[in-house]
Every structure is written in C-alpha cells, then in structure tokens.
Amino acid sequence: MKLKRKLRYLYKEELDRLQRFVELFAGSSPQPIFTKMQYTVDDEKPFFIHPFTLYPLVQNALHNGYNTMQKLPMKVRVTQEGNTLKMEVSNRVNHYLESQENIPLIDYYKSRLKVLYPEKHNLFINSNSNLFKCTLIVTK
C-alpha cells in the first residue's frame, strides 16, 4: 500500500502536541495521573515523522496501565541521535488485562508502522509482572 501524500511533521512539533494530549488526558481524568516525560531534540539535524507516530504507545499506557501512583508514573523518554529517533514508554502493569500488547490499538499501530516506515523501524515490547515497556526506533 502506497501513501498518496507523505505528510510529515517536525519531531519537536509532534512532541509538543503529544505533551498537550497527556495534559488534557490527565486534566479530564477523575483520578490523578502521574507522568514523567523527557526528550531531546537536535535542532541542527531536524527529524521529520508522520503524524500520530508517537501517540499510540502513550495512549496505550494512559488507557491500559496504572499511572495513579506518584512513585510509579507513566514514563516517556524520546531521544534523537542524528538519523535515529528512539521512544520508550513504560507503565505499571494492569493486572486486570491478560496482555497490554495484544489489543487492537497495538495491532493497528504495528500495521501502520509497516506502511509508514517499511524497513526503517523496530518496535520492541516487553512485559513482566510489574512493568510494561515499549521501545520504538525509527530511522530516516
């Protein structure tokens, strides 16, 4: 499947929108939501990404993880090093779900990555009894 138009945004702009999304989610939640977001931007080497590339992993963590304890926040770390963008999202495991990975949102996300970044992405998902962690690596 080929995309007719390859729309991309500066990674920094997408991060700003993602941070606002998290703030709006936390502000509308009946319970406190604790998050820790860290990111680096290389202004000398702009990195462009497709819209909503970063959202699904954060959305999954917000909707399906436990983020209501200050000592166990959802953590988002995004780094850009040259032609590589790395995003790590982790959250405390939701023990009421059989798997935080095997859900339609993540299945659809994996399919989108194959279309948008063929041969230029890796998605690693790890889970144990306490932590669910996703790592996305995208290259130019």
- The Cα extents of the chain along the principal axes, largest first and rounded to whole Å, are 39, 30, 24
- Query: Taking the Cα centre of the chain as origin and charging only Cβ (+1 Lys, Arg; -1 Asp, Glu), how large is the dipole, in debye to the nearest 20?
  - Reply: 360 debye
- Item | Electrostatic dipole magnitude of the range 79-140 [Cβ: Lys, Arg +1; Asp, Glu -1; Cα centre; debye, to 20] | 180 debye
- For the chain, built as a Gaussian network whose Cα springs stay under 10 Å, the top-fluctuating residue of Asn94, Asn128, Asn64: Asn128
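Taking all pairs of different Cα atoms in the range 14-61, averaging 1/r and flipping that mean, what Kirkwood radius in angstroms comes out? Intermediate results must be reported in sequence, preceding the final value.
Working: mean 1/r = 0.0815 Å⁻¹.
Evaluated over the range 14-61, this radius sits at 12.3 Å.
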- Listed pairs Lys36/Lys71; Lys86/Lys140; Lys12/Lys133; Lys36/Lys86 exceeding 20 Å between Cα atoms: Lys12/Lys133
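Each value in this text was obtained by applying a stated rule to the coordinates, not by laboratory testing. Because the structure is a prediction, the values reported are computed rather than measured. Here the Cβ is made from the backbone with ideal geometry for all residues, glycine too, and neighbour counts use every protein chain on show.
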